[in-house]
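S.K.: One structure follows; several queries about it will come next.
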Amino acid sequence: MKQGSRLGIYLLTTTLVGLIGLGSHFGLFAIFELRAYDALKQISPKEERDRRIVIVEIDEEGIKKMGKWPMSDRDMALLIRNLKTQQPAVIGIDIYRNLPIEPGQEELAEIFANTSNLIGIAKISRESVPPPPILESKGQIGASDLVLDIDGKIRRNLIFISDRQSFGTKLATTYLAQKGISFNPDDTDRNKFRLGKAKFLPLTGNEGEYNSDNTDGYQTLFNYRGEAKDFETISVTNVLENLIPTDLLRDRIVLVGTTAPSLNDMHQSPYNPSLMAGVIVHANSTSQIISAALDGRVLLQATSKPLNYLWILLWAIVGATCGAKFIRNWQSSILAVFLGLIIITIMDYYAFQYGWWIPIITPMVSLLSVAIAITIWELGRYLRLSYKRLEEYARDLEQKVSDRTIELQRANLELSRLAHVDGLTQIANRRSFDDFLSKEWQRHLREQQPLSLILIDIDYFKRYNDHYGHQGGDECLIQVAQTINLVPQRPSDLVARYGGEEFVVVLPNTNTEGALIFADSIQNAIASLAIPHEKSDVNEYVTLSLGVACLIPTPDSIAEELIASADQSLYEAKAQGRNRAISMSKPKD
């Protein structure tokens, strides 16, 4: 592979990786990665029920039996009293109770006061709802707030918010406290907590598809146990009528909450398309915490953003390799790309099972986009090379069938032009000047008319060349030459490059005074260019020294005398400080 092609592949790959990385940083792929999380959760092996949790469902039939909603304080008191008969470990009431609902206020207050393992809820964030005062005074409250992703789904478990535990956390810690297990800060990081066999690491905004502006509180990723059907349930009607199977609730965590769609406590979860009741979400939260603490069940973690960017880069390199080899072996390149997609999927799946959520969509996009882009780049390069070869072949063929004489004439004309034009400045060269001066000298000898010559030198050009480099010096020579060439007003005048940084102007039928005026015009034209020259001793811009000479040819004189006179004038101009035009000839009227 040629160096130019290799550089193009590097640049194209780097550009695409940068764009994908920026897109990931600004959340362009977030919704797709979140949906991939849902898919991974849905295809994960089904887990056994967590039989430490029982849910009391308040469904549509239960509301009809009670005859009203919200349920009265008396019904709630009866409900709790019946639950207590089976001695559950914890009772969680996922129903707001900040205001009394008669009848039965005193009865419910007594139940609240005498039930030490009863946990109520309060809403802390926007549109807050205060907790029952009695339970609040006893510290038996959990926050019912849920954290939604950009698509409205719940994929994060809120452990703490402000100084209050979430509802699921409060239920779990109350249950675990009875077993002598409590939160302990990690020895290495105060933001990490140990709870039994589990170590909790909060989202900081530097992981996965989340940023610091949406990781308030203490959040972890949600590792759902399952849907409503994956938990033990009993209807509120059976509890109120005390038709509870023997020992169903003993030593268990009991959650009471609404599952009736009409009560609008339904949420989106990874288990599409059905909605999940809030009490089921809290049951999953509780199960996640106690399962991790007691059973060592994995807690999901998202890989950090720097690792994600490296992951994207790795698969971009794989894509670039496949694209670069496509023309030589397209079958193996396509197979390698498909194998790469399969490997990404398998690695993500098994990483998820072991508690790591790593990107799946962005590396796939990186692999595919870079492979396609590099393939197109290489195809274009080969097409350009083929087209160039075809062009060269057609040009050769055309030259062979063209008329040989016409081609030779054109070649001769071009050679003649090149022989009289300076290759760098594109003005007349020294040879053209010599021929022109010789002819004009003979004509002026016959006509006895004045012939003027201006010899021009760029001041301190060697310094300019040393300071700005040879390329800069060439650019300066081109600008000066082209500008001088635009000054003459007559077709009979000639501007030529004399050699190095010297130029010469031949002015037929022009006396000394006219030549000096012409020299001033040249100086003004160059000054208007304002070409910077930091190393000049006379000006901050490029300047010229001009030597002017004028002679009327005689039979005893030669053209070289005119050149010598102009050269003497140029020498005098330099001696007087440069940046001026000097004539040692007497002006001719």
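The values are calculated or read from the model by the stated rules, or taken from the named source; none is laboratory data. It should be emphasised that the depicted structure is a prediction, and the values quoted were computed from it without experimental measurement. When we count neighbours, we look across all protein chains shown, and the Cβ atoms used for this are built from the backbone with ideal geometry, even at glycine. Note: accessible area is taken over every heavy atom of the protein model, side chains too, but ligands, DNA and RNA are not part of it. Shrake-Rupley method; radii C 1.70, N 1.55, O 1.52, S 1.80 Å.
S.K.: Within segment 520-540, does at least one residue satisfy the condition of being polar (S, T, N, Q) and closer than 21 Å to Asp422 by Cα?
M.R.: No - not one qualifying residue is present in segment 520-540.
S.K.: Next up: Residue by residue through segment 97-130, note down the ones that are within 12 Å of Phe167 (Cα to Cα) and open to solvent by 10 Å² or more (accessible area, probe 1.4 Å). I'd like the intermediate steps shown before the answer.
M.R.: Applying the first criterion (within 12 Å of Phe167 (Cα to Cα)) to segment 97-130 yields 118-124.
Scanning segment 97-130 gives Lys123, Ile124.
S.K.: Still on this structure, please answer the following. Could you check segment 424-476 and list, in sequence order, the residues that are of a type in the set (A, V, I, L, M, F, W, C), in contact with a helix residue (DSSP H, G or I) (Cβ under 8 Å, 6 or more places away or on another chain) and over 22 Å from Gly577 (Cβ atoms)? Lay out the reasoning, then the answer.
M.R.: Of the residues in segment 424-476, the ones of a type in the set (A, V, I, L, M, F, W, C) are 424, 427-428, 433, 436-437, 441, 445, 451, 453-456, 458, 461, 476.
Subsequent filtering for residues that are in contact with a helix residue (DSSP H, G or I) (Cβ under 8 Å, 6 or more places away or on another chain) retains 424, 427-428, 437, 441, 451, 453-456, 458, 461, 476.
Leu424, Ile427, Ala428, Leu437, Trp441, Leu451, Leu453 - these are the residues of segment 424-476 that are of a type in the set (A, V, I, L, M, F, W, C), in contact with a helix residue (DSSP H, G or I) (Cβ under 8 Å, 6 or more places away or on another chain) and over 22 Å from Gly577 (Cβ atoms).
S.K.: Taking the residues in segment 2-61 that are among the basic types (Lys, Arg) and open to solvent by 30 Å² or more (accessible area, probe 1.4 Å) as candidates, determine which candidate is nearest to Asp149 (Cα to Cα). Walk me through how you get there before you give the answer.
M.R.: Going through segment 2-61, the residues among the basic types (Lys, Arg) turn out to be 2, 6, 35, 41, 46, 49, 51-52.
Now restrict to residues that are open to solvent by 30 Å² or more (accessible area, probe 1.4 Å): 2, 6, 35, 46, 49, 51-52.
Details: Lys2: 48, Arg6: 42, Arg35: 11, Lys46: 24, Arg49: 26, Arg51: 29, Arg52: 29 Å.
Of everything passing the filter in segment 2-61, Arg35 is nearest to Asp149 (Cα to Cα).
S.K.: Ok, one more. What number of residues within segment 279-299 are within 29 Å of Ile344 (Cα to Cα) and open to solvent by 10 Å² or more (accessible area, probe 1.4 Å)?
M.R.: Residues in segment 279-299 being within 29 Å of Ile344 (Cα to Cα) and open to solvent by 10 Å² or more (accessible area, probe 1.4 Å): 4 in total.
S.K.: A follow-up question, please. Out of all the residues in segment 103-110, is one or more within 56 Å of the chain's Cα centre (by Cα) and not basic (Lys, Arg)?
M.R.: Filtering segment 103-110 down to residues within 56 Å of the chain's Cα centre (by Cα) leaves none.
Checked segment 103-110: no residue is within 56 Å of the chain's Cα centre (by Cα) and not basic (Lys, Arg).
S.K.: Continuing with the same structure: Looking at segment 268-375, what helices (runs of 4 or more DSSP H) fall wholly within it and have at least 2 residues that are of a type in the set (Ser, Thr, Tyr) and modelled with pLDDT of 95 or more? Walk me through it before giving the result.
M.R.: Numbers: elements: 278-295, 305-324, 330-353.
Those helices (runs of 4 or more DSSP H) span 278-295.
S.K.: Which strands (runs of 3 or more DSSP E) sit wholly inside segment 439-514 and have at least 1 residues that are basic (Lys, Arg) and surrounded by 22 or more Cβ atoms within 10 Å (Cβ to Cβ)?
M.R.: Working: elements: 451-458, 494-499, 502-507.
Strands (runs of 3 or more DSSP E) meeting the threshold: 494-499.
S.K.: In addition: Just for segment 418-430: of the residues that are touching a strand residue (DSSP E or B) at 6+ places or on another chain (Cβ under 9 Å) and in a helix (DSSP H, G or I), which one is most open to solvent (accessible area, probe 1.4 Å)?
M.R.: Taking segment 418-430 and keeping what is touching a strand residue (DSSP E or B) at 6+ places or on another chain (Cβ under 9 Å), we get 420-422, 424-425, 427-430.
Next, from what is left, pick out any that are in a helix (DSSP H, G or I): 420, 430.
Working: His420: 59, Arg430: 100 Å².
Within segment 418-430, the match that is most open to solvent (accessible area, probe 1.4 Å) is Arg430.
S.K.: Something else now. Taking the options Leu385, Leu339, name whichever one is closer than 30 Å to Asp38 by Cβ and open to solvent by 40 Å² or more (accessible area, probe 1.4 Å).
M.R.: Numbers: Leu385 fails: closer than 30 Å to Asp38 by Cβ.
Criteria check complete, one pass: Leu339.
S.K.: For segment 229-265, name all the residues that are assigned to a helix (DSSP H, G or I) and surrounded by fewer than 12 Cβ atoms within 10 Å (Cβ to Cβ).
M.R.: Lys229, Ser262 - these are the residues of segment 229-265 that are assigned to a helix (DSSP H, G or I) and surrounded by fewer than 12 Cβ atoms within 10 Å (Cβ to Cβ).
S.K.: Oh, and also: If you take the residues of segment 515-542 that are of a type in the set (Val, Ile, Thr) and in a loop (DSSP other than H, G, I, E, B), which of them is farthest from the chain's Cα centre (by Cα)? Break it down stepwise before answering.
M.R.: The initial filter retains those residues of segment 515-542 that are of a type in the set (Val, Ile, Thr), namely 517, 522, 526, 531, 538, 542.
Now restrict to residues that are in a loop (DSSP other than H, G, I, E, B): 531, 538, 542.
Working: Ile531: 40, Val538: 51, Val542: 45 Å.
For segment 515-542, the residue satisfying everything is Val538.
S.K.: Take segment 125-178 and flag every residue that is under 37 Å from the mean Cα position of the chain (by Cα) and among the β-branched types (Val, Ile, Thr).
M.R.: Listed by number, the residues that qualify are Val147, Ile150, Ile154, Ile159, Ile161.
S.K.: State the number of residues belonging to segment 515-530 that are under 26 Å from Glu440 (Cα atoms) and open to solvent by less than 40 Å² (accessible area, probe 1.4 Å). Walk me through how you get there before you give the answer.
M.R.: The first filter runs over segment 515-530 and keeps only residues under 26 Å from Glu440 (Cα atoms), leaving 515-523.
Retained after the next criterion (residues that are open to solvent by less than 40 Å² (accessible area, probe 1.4 Å)): 515, 518-519, 522-523.
Matching residues across segment 515-530 total 5.
S.K.: Check segment 459-470 and report whether any residue there is of a type in the set (A, V, I, L, M, F, W, C), within 20 Å of Ala428 (Cα to Cα) and out of contact with any Gly (no Cβ under 6 Å at 6 or more places or on another chain). Before the answer, list the steps.
M.R.: Going residue by residue through segment 459-470, those that are of a type in the set (A, V, I, L, M, F, W, C) are 461.
Cutting the leftovers down to within 20 Å of Ala428 (Cα to Cα) gives us none.
So far as segment 459-470 goes, no, none of its residues is of a type in the set (A, V, I, L, M, F, W, C), within 20 Å of Ala428 (Cα to Cα) and out of contact with any Gly (no Cβ under 6 Å at 6 or more places or on another chain).
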